[in-house]
Every structure is written in C-alpha cells, then in structure tokens.
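Nothing in this text is a laboratory measurement; each read-out follows from the coordinates by a stated rule. None of these values were measured; they are calculated from a predicted model. Cβ sites come from the backbone with ideal geometry, for glycine too, and all protein chains shown count toward neighbours.
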Amino acid sequence: MSDVYKPEELLESIDAAAVADDLKMALRDFVPTLAPLLPHLSNRSQLLTAYYFKFLVEEVTAVAVATHWWEMHLDLISQAAHSHETGRPLLAAAAQAAPLIRAHFGPHGAVTLQLITDETVRGICRLSETLTDPQDLFVAPNAYSLAQAHFHPHAWFRAVYAGKTPVGFVMLAADEEKQEYFLWRYMIATPYQGYGYGRDAIDRLVESVRTRPGAKELLVSCVPHPQGPYPFYLKCGFVDTGDIEDGEVVMKLIL
C-alpha cells in the first residue's frame, strides 16, 4: 500500500492546509491509525480502504471542492476498522475528527435531484457500499441500476444531493405513453439516514412526476421485512394496494 497510503505526505498536506488548528491535530492523530489495520484486511479491502483514506484527507485539506464525499469515505473506512480489533484506535480517532470536519464544511444544504456525470458516477455507485445487512438486500447496487437504465427505454435516474453532498440514488420506470410511473430504485446511503433527506427526496421526486403526462399515481414495491422500507413509504403518503408482485408489497401514492 506504499504507493497509496503515504503517511508522511498526508501529514505534510495537513500541516499546509488552511484549516482550524483543532482539526489539524485531529487529522494528524487520525493518519497513523490506519497502518496497524491494513495488514489484517484482504488485498481488495486494503487497497480500497487506503484510497478512501487518501481521498478523505485530500478533500478536507483542499482549498475548495465541488462535491463532498468525506462522510461516505469515513463510513467505508470505519466499516473496515470494525472488522478487526486493530481498528479500534482508528474508530476512536475518526469519532474525534468527524464533528470537526463537519464544522469545517458546514451544514448540508437543501435536497435536490441532480444528473449523474462522468465525474460523480463512481462515487454514486460507491454509495451502495455503505449499506449493510439487511439493507443491502432490499435494493440493487447503484452500479447495477445504472447499467440496467441504459438498456431500459423508460428509465429515468438521478443522484440525491443534500447541498454539495451526494446522499442517495433514485430511478423511475416512467412510461409516458401508458402514463404509468413506478419508483424502481431508491436508496439513501447509511451515513445520511435519519436526517430527513429520504423524505425530502421523495417530495422532490413527486414534484417531478406530477409534471409528466397523465401522472395520477406513483407506484413502488418493497420487500416485506421488519427492517424494510415499508414504514418509511407509509410516512411518505404511500398506501398498501394489497397486491404482491414478485414477492414484494405494492404501494401507491395518489398524485
């Protein structure tokens, strides 16, 4: 990992960064905690975790960034740290650094649905990696959804943003000829759950669907699981139709 994880270079960039002194100190304490963990990870996890670590430090120490990924990267780093006892110091250091990084960047902005570009597509796909059991069983990975969309004539997809931060993904099957609209894929990444972004994203989606020809209802289906999204959809105004399709409960929202 010497070509990716270079503590000396990371520390130099931290020292040169225009960030608050307490954040610099927290980042300096954070950097060396990765080294003891890496040998205990699989080769793939070693490489990915080292890159996430590098990306996180680069983002925090940059003069300006167009898109914020640091919370996602910190979540993925923390997942790796939870896999072995040598990750405990990293988790402790991350807990110290996170609120300072959050204060550095400021609060998230309003929720919007935005186009996915060649610069953001990899990160949008990576959001799926934050989902853990059982949530990762309820929705296909974003990469799979994007691949499907390019072969489906009625697919419409967007990234869910909170300010500058991509927090999720949404995809419709929108057949305007038949005037049928189905929420095909929907996810909010783990670090961004519990802040109301999911409900706001549904509101933005509904606003969009209402502008389409003959839109009278929005359908969705979900896995009937105690930890599934059924209660969330109820709170968003969907009702159970009583239908079961491919083992999933079909719900609808009257527009």
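Some observations on this one:
- His84 paired with Thr67, simple spin-label distance in nm, labels 7 Å along Cα-to-beta-carbon: 3.1
- Close Lys pairs in the chain, defined as Cα atoms under 21 Å apart and 8 or more places apart or on different chains, number 9.
- The residues neighbouring Asp22, those whose beta-carbon lies less than 12 Å from its own, together hold a net charge of 0 under the Lys/Arg +1, Asp/Glu -1 convention.
- Residue-count net charge about Thr67 - beta-carbon cut-off 15 Å; Lys, Arg +1, Asp, Glu -1: -1
- As a proxy for reagent exposure, Lys24, Lys178 were ordered by neighbouring Cβ count within 10 angstrom, fewest first; the result is Lys178, Lys24.
- Inter-label distance for Ala95 and Asp246, nm, one decimal - labels placed 7 Å from Cα along Cα-to-Cβ: 4.1
- Cβ-to-Cβ counts within 10 Å put Arg122, Arg185 in ascending order as Arg122, Arg185, the fewest first.
- A helix-only calculation puts the chain at -12000 deg cm²/dmol for mean residue ellipticity at 222 nm, using -39500 (n - 2.57) for each DSSP H run of at least four residues, averaged over all residues.
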